[in-house]
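Take a look at the structure below.
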Amino acid sequence: MKNKKSQIIKVGLVGTATLSAIASSIFPANAIQYGSADVYRVGSGSSAVIYFHGTASSSISADIGYVSKVSSKLAGSCGEIVLSGSTVGTSPTLKVNSTTVTIASLPTQLLPTCTSGSFAESRSANFKTPDGKVVLVGNTPGSSATLDIPKATVKTVKINACGFGSFKGSDSAPLPTTFKVGSTTYTVASLPDAMAAPKCTSGIGYVPASWLSVGGGS
């Protein structure tokens, strides 16, 4: 057992000690923390990975806020783009061709009929309708507009048999600045940086040797 443990140390990982490793295998609810932190990160910036301590084989819901969702839509014959309430959802803002529109600031008006390229009643600025539609005006009739309508997003993090799980950003959905688990809000940049990630092999958790100085591996 000593030889095996020495080999693990040489590659930079140590078990959470022989007894705790065995216990983790028998009782997979045992979880791996970094020091006393239930949530921590490895790395920084766009390459950071967020780790969560939790009950083995469960899941954690992380509310990561509004995530960009880009699409396109053709303008009507009066240069209008009409978005339904379900399309806009709860997003406070949207972008049309890189111009930000604050939905709460839009006036409420009726959508007039469009005949021969003209509204029956002039509409020179974006507006919303009484039934919840958002109408974007001033576009070239028949042209395609690029829309970015952020969506409220909850990320489900699966906790593995060793009691930890993770998520990371991508080019299309970078890590948020903050996120919430339950009633607790976390700021990514303020999370403790574990520098190296834990490992899970056959239900047994291993932590980097560097974690021992902070009491990592519960």
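The values are calculated or read from the model by the stated rules, or taken from the named source; none is laboratory data. Everything numeric here is computed off the predicted structure, so don't read it as measured data. We place every Cβ from the backbone using ideal geometry, glycine too, and count neighbours over all the protein chains shown.
ALA152 falls short of the stated requirement of being over 20 Å from VAL39 (Cα atoms), of a type in the set (A, V, I, L, M, F, W, C) and surrounded by 13 or more Cβ atoms within 10 Å (Cβ to Cβ). Of the strands (runs of 3 or more DSSP E) entirely within the stretch 86-154, those holding at least 3 residues that are out of contact with any Cys (no Cβ under 6 Å at 6 or more places or on another chain) and under 30 Å from PHE179 (Cβ atoms) occupy 93-96, 99-102, 144-148. Please indicate, with yes or no, whether at least one residue in the stretch 183-193 is touching a residue at least 60 places away in the same chain (Cβ under 8 Å), touching a Phe, Trp or Tyr at 6+ places or on another chain (Cβ under 6 Å) and assigned to a loop (DSSP other than H, G, I, E, B). Scanning the stretch 183-193 turns up at least one residue that is touching a residue at least 60 places away in the same chain (Cβ under 8 Å), touching a Phe, Trp or Tyr at 6+ places or on another chain (Cβ under 6 Å) and assigned to a loop (DSSP other than H, G, I, E, B).
When we screen SER183, SER166 for residues that are surrounded by 14 or more Cβ atoms within 10 Å (Cβ to Cβ), assigned by TED's automatic domain parsing to the domain that holds TYR51 and of a type in the set (S, T, N, Q), the only hit is SER166. Within the stretch 127-136, identify whether any single residue is among the acidic types (Asp, Glu) and either in contact with a Phe, Trp or Tyr (Cβ under 6 Å, 6 or more places away or on another chain) or in contact (Cβ under 8 Å) with a residue 24 or more places away in the chain (or both), and answer yes or no. Looking through the stretch 127-136, at least one residue is among the acidic types (Asp, Glu) and either in contact with a Phe, Trp or Tyr (Cβ under 6 Å, 6 or more places away or on another chain) or in contact (Cβ under 8 Å) with a residue 24 or more places away in the chain (or both). Condition test on ALA196, is it over 28 Å from SER68 (Cβ atoms), touching a residue at least 24 places away in the same chain (Cβ under 8 Å) and assigned to a loop (DSSP other than H, G, I, E, B)? For ALA196, the condition - over 28 Å from SER68 (Cβ atoms), touching a residue at least 24 places away in the same chain (Cβ under 8 Å) and assigned to a loop (DSSP other than H, G, I, E, B) - is met. If you check ALA173 against the conditions, is it among the hydrophobic types (A, V, I, L, M, F, W, C), within 26 Å of the chain's Cα centre (by Cα) and surrounded by fewer than 14 Cβ atoms within 10 Å (Cβ to Cβ)? No. Counting only residues that are under 20 Å from GLY65 (Cα atoms) and either surrounded by fewer than 10 Cβ atoms within 10 Å (Cβ to Cβ) or free of Cβ contacts under 8 Å to residues at least 24 places away in the same chain (or both), the stretch 99-122 holds 3 of them.
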